[in-house]
Amino acid sequence: MNRSKLLLCCAALAVGTFTAYSQACAQPLDVDREDVRAFIQRVHQEHGLDPETLRSILELARIQPPIIEAISRPAERVRPWHEYREIFMTEARVTAGAQFWAEHRALIERVSAETGVPPEILVGIIGVETFYGRIVGRHRVLDALATLAFEYPPRSAFFARELEQFLLLVREQGLEIETPVGSYAGAMGMPQFIPSSYRAYAVDGDGDGRIDLWNSMEDILASVANYFKAHGWRAGKPVVASAVVPGGSAPAELAHQGLNANITVGELWSAGIGLAGPAPRETGAAAGLFVLEHEAGPRYWAGFHNFYVITRYNRSLMYALAVHQLGEAISARMEEGVHAD
C-alpha cells in the first residue's frame, strides 16, 4: 500500500467504525514485492516449506493500517502510570479475577505447586492480557503479522520472524491459517503468546496432543507458568516494593528505566532508601530502582529479580507492576471470601 493511501486510511479511523475502515483500507499483500519474495525464499530454505504454498498463504493476507496506528501508540508509552493503572485496576477486573480463581482453583493451585509460580501471578497475567478471555483481539493473526512484517519498517525484521514462526505453528498444531485472531501484534489466545513464544513455551497441559491457548484452561495456565519458570522465576521470592526516599537523598543517580536489575538492595540501603514491602534480606540481592508518575507526582519503586522476570512477558515496567498489583488485589479479595455469584 502506498504511503498516501495509508495516511488517508489512518485519518479515516478517527471518524469511521473499525469495520467500515478495515473494508475501505485493507489491501491484499503484494506477493511479487521483492521483500515478500525474499521472505518466501528464506522460509523455504530454512524450513523446507513449499514456495508455492507459502505464496498462496501470503496471498490471503490483508494489510491493515489500523494495526500500524495501534502499534505506534501503545498505552504504556503514551500514558503516565496512574492512567495506565486505571485500565487494569478496576472493580470489574478484580471481581472477574476472583471468579476466575474460584472457578479454576484446583487447577491454578496444582500448576502453581508444580512450577513455583504463585497463583496471583497466573491470575494477574491473564487478567491484564485479556480480561479473562473477554478481550483476545480482533485481528487475524496472518494479517497482523504480514502488515507489521512488510509495512512497519521500525520492526519489520522482528515481525517477519514472527510471521515465519506462525507459519510453522500452523503446520505443527494443525491450525487453519485464516482462523486464529489476536492482538494487533499477533499475540494469541487467553495468555496472548506471540508465535515464537507459543512454539517455545506453550505446553500441552491437558495431554490431548495439541496446545490450545484459546479453549483449554489446562494448556493456558500450564503455558503461562512454564513461561515464567523458563525465564527464571524464583519461588517464594519478593517481586517489588515501594521505595521510601527520605529528604536529602539522591535516588535519581541509582534509578533507571531499563528492564534489568542493575544495582543491589545493599546499595539502596546505603543511599538511605527504605523499602515499604516484602524485599530480599540479602544486601547483595539484585534490584532495580525506577520512578513512575502517580497522580500526586513521581514515586520510586524497587523491582527485584521476579519483577524483571515479569517484564520478559511484556517489556514494560508499568505492565509488570500492573500484573503484580492486579494479582495482589485479587488475592486479597479471595482471602476476604467476597465473590460475585
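The values are calculated or read from the model by the stated rules, or taken from the named source; none is laboratory data. Remember, predicted model here, so these are calculated numbers, not experimental data. Note that we place each Cβ from the backbone using ideal geometry, even for glycine, and neighbour counts take in every protein chain shown.
Residues of the stretch 148-159 include none that is aromatic (Phe, Trp, Tyr), in contact (Cβ under 8 Å) with a residue 40 or more places away in the chain and in contact with a Gly (Cβ under 8 Å, 6 or more places away or on another chain). Restricting attention to the stretch 239-279, the residues that are crowded, with 20+ Cβ neighbours inside 10 Å and either under 24 Å from ALA202 (Cα atoms) or touching a helix residue (DSSP H, G or I) at 6+ places or on another chain (Cβ under 8 Å) (or both) total 8.
Candidates GLY16, GLY116: the one that is modelled with pLDDT of 95 or more and not aromatic (Phe, Trp, Tyr) is GLY116.
Count of the stretch 204-226 residues, restricted to those that are more than 28 Å from ALA157 (Cβ to Cβ) and aliphatic (A, V, I, L, M), is 5.
Is at least one residue of the stretch 204-216 aromatic (Phe, Trp, Tyr) and surrounded by fewer than 19 Cβ atoms within 10 Å (Cβ to Cβ)? Yes.
Across the stretch 61-84, not a single residue is classified as crowded, with 20+ Cβ neighbours inside 10 Å and over 27 Å from the mean Cα position of the chain (by Cα). In the stretch 125-142, the residues that are modelled with pLDDT of 95 or more form Cβ pairs under 7 Å with partners that are of a type in the set (Asp, Glu), at six or more places apart or across chains, as follows: ARG140/GLU178; LEU142/GLU178. Taking the listed residues GLU109, GLU46, GLU69, GLU52, the one that is over 28 Å from VAL141 (Cα atoms), assigned to a helix (DSSP H, G or I) and among the charged types (D, E, K, R) is GLU109, with no other qualifying. I'd like to know if the stretch 311-333 contains one or more residues that are surrounded by fewer than 18 Cβ atoms within 10 Å (Cβ to Cβ), hydrophobic (A, V, I, L, M, F, W, C) and at negative phi. There is at least one residue in the stretch 311-333 that is surrounded by fewer than 18 Cβ atoms within 10 Å (Cβ to Cβ), hydrophobic (A, V, I, L, M, F, W, C) and at negative phi.
When ARG299 is tested against (1) among the charged types (D, E, K, R); (2) within 13 Å of ALA255 (Cβ to Cβ); (3) without any contact (Cβ under 8 Å) to a residue 24 or more places away in the chain, exactly one condition is not met: (3). Confirm whether ARG333 is of a type in the set (D, E, K, R), under 20 Å from ARG93 (Cα atoms), in contact with a helix residue (DSSP H, G or I) (Cβ under 9 Å, 6 or more places away or on another chain) and in contact (Cβ under 8 Å) with a residue 24 or more places away in the chain. The answer is yes for ARG333.
Inspection of the stretch 290-307 identifies at least one residue that is within 23 Å of ALA185 (Cβ to Cβ), modelled with pLDDT of 95 or more and buried (at least 21 other Cβ atoms within 10 Å of the Cβ). Selection of the stretch 160-182 for residues being under 26 Å from GLU34 (Cβ atoms) and either of a type in the set (D, E, K, R) or free of Cβ contacts under 8 Å to residues at least 24 places away in the same chain (or both) yields ARG161, GLU162, GLU164, VAL170, ARG171, GLU178. May I ask you to list pairs of residues, at least six apart or on different chains, whose Cβ atoms are under 7 Å apart, with the first in the stretch 30-52 being under 13 Å from ALA146 (Cα atoms) and in contact (Cβ under 8 Å) with a residue 40 or more places away in the chain and the second being outside any helix (DSSP H, G or I) and not hydrophobic (A, V, I, L, M, F, W, C)? Close Cβ pairs (under 7 Å, with a partner that is outside any helix (DSSP H, G or I) and not hydrophobic (A, V, I, L, M, F, W, C)) amount to VAL36/ASP30.
Cβ separations smaller than 7 Å between residues 6+ apart or across chains give the following pairs from the stretch 210-222 residues that are of a type in the set (Gly, Ala, Ser) to residues that are outside any loop (DSSP other than H, G, I, E, B): ALA222/VAL111.
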